[in-house]
1. Pick out the one residue from 242, 287 that is assigned by TED's automatic domain parsing to the domain that holds residue 82, in contact (Cβ under 8 Å) with a residue 40 or more places away in the chain, touching a strand residue (DSSP E or B) at 6+ places or on another chain (Cβ under 7 Å) and under 16 Å from residue 43 (Cα atoms).
2. When you check residue 214 against the structure, is it more than 26 Å from residue 51 (Cβ to Cβ), within 16 Å of the chain's Cα centre (by Cα) and touching a residue at least 60 places away in the same chain (Cβ under 8 Å), yes or no?
3. What are the residues in region 318-335 that are surrounded by fewer than 15 Cβ atoms within 10 Å (Cβ to Cβ) and assigned to a loop (DSSP other than H, G, I, E, B), if any?
4. Could you list, in sequence order, all residues of region 110-140 that are under 28 Å from residue 88 (Cα atoms) and either in the same structural domain as residue 34 (by TED's automatic domain parsing) or touching a helix residue (DSSP H, G or I) at 6+ places or on another chain (Cβ under 7 Å) (or both)?
5. Please specify each residue of region 26-43 satisfying the condition of being out of contact with any strand residue (DSSP E or B) (no Cβ under 6 Å at 6 or more places or on another chain) and more than 15 Å from residue 216 (Cα to Cα).
6. Quick check on this structure: which one of 190, 250 is assigned by TED's automatic domain parsing to the domain that holds residue 37 and either touching a strand residue (DSSP E or B) at 6+ places or on another chain (Cβ under 9 Å) or surrounded by 17 or more Cβ atoms within 10 Å (Cβ to Cβ) (or both)?
């Protein structure tokens, strides 16, 4: 009995040790609410993260610009959001942050929307001179987009008054006539349009160069990542599988309704009718951003004094994780081969 007791205790001890080792590792991720997050929702729902031994903790943030300090200080491990001036300023201070993967690509479906009651008064971008335009955060990618759109008609960001308002508060600002126009992303764009609060006015996909646009990315805390290289490789294999599922749903594949249900249940957009009616932003299947677009963003921030130091492209991006994922998974297979939609291919 004593021998059996010792064997039992040893067995229980080994089982306990194995349970600790096999416990899922948590990744804390800050995300800006967007339809593009459907790839993460699918990676979790379809068990890819579980298979990789990862528990994803999503924290919704106003913008990557406002969450940069949380990433640098280790309160978040990864941010999925826009390429903000805060990123370049963080690198200038030698903070441990780098871009790991592109988040969206064209068509990104971002739009500078005009308050509905101004449609007969404001006919072109030039007519916005002196008016109030909303961006979601100081130095955010939305601010870059507004500036670039104004430059297409020979104006600059200085020709409008920028008011920083979170995407979720755009509707109130428009109702109260606190702003004249808003730079907005899906699904907020479609909600404003369906409620007749704003109308599409200037499309980023059509007017901003160079293309394809690098608008949003994954930013990783490199100090956190250093001892977790195997974990991050597994994470980005799982995320890439989610991106591929997203792209099949984007092209009206058999999983489209499942993704719509996930977007609704996550409160990304609570009205499925809007997700069925309006187009979605495309995801980048390779994970590799356009360096010309990224460097143009940096140059624009520098020119407009949002940043003071310019970085070389090799200090801005690390493709190790997405390269590993692509090699591990092989070529993408589009399920609905009859789809004519641009992007996500």
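1. None of the others qualify; the one that does is 287.
2. Judged against the criteria, residue 214 is a match.
3. The answer is 330, 331, 333.
4. 110, 111, 112, 113, 133, 134, 135, 136, 137, 138, 139, 140
5. 41, 42, 43 - these are the residues of region 26-43 that are out of contact with any strand residue (DSSP E or B) (no Cβ under 6 Å at 6 or more places or on another chain) and more than 15 Å from residue 216 (Cα to Cα).
6. Only one candidate qualifies: 250.
Residue-wise test of (1) assigned to a helix (DSSP H, G or I); (2) more than 19 Å from the chain's Cα centre (by Cα).
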position	(1), (2)
76	no, no
79	no, no
121	no, yes
126	yes, yes
130	no, yes
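The values are calculated or read from the model by the stated rules, or taken from the named source; none is laboratory data. Values in this document were obtained by computation on a predicted structure and should not be read as measured data. Every residue, glycine as well, gets a Cβ built from its backbone with ideal geometry; the counts of neighbours run over all protein chains shown.
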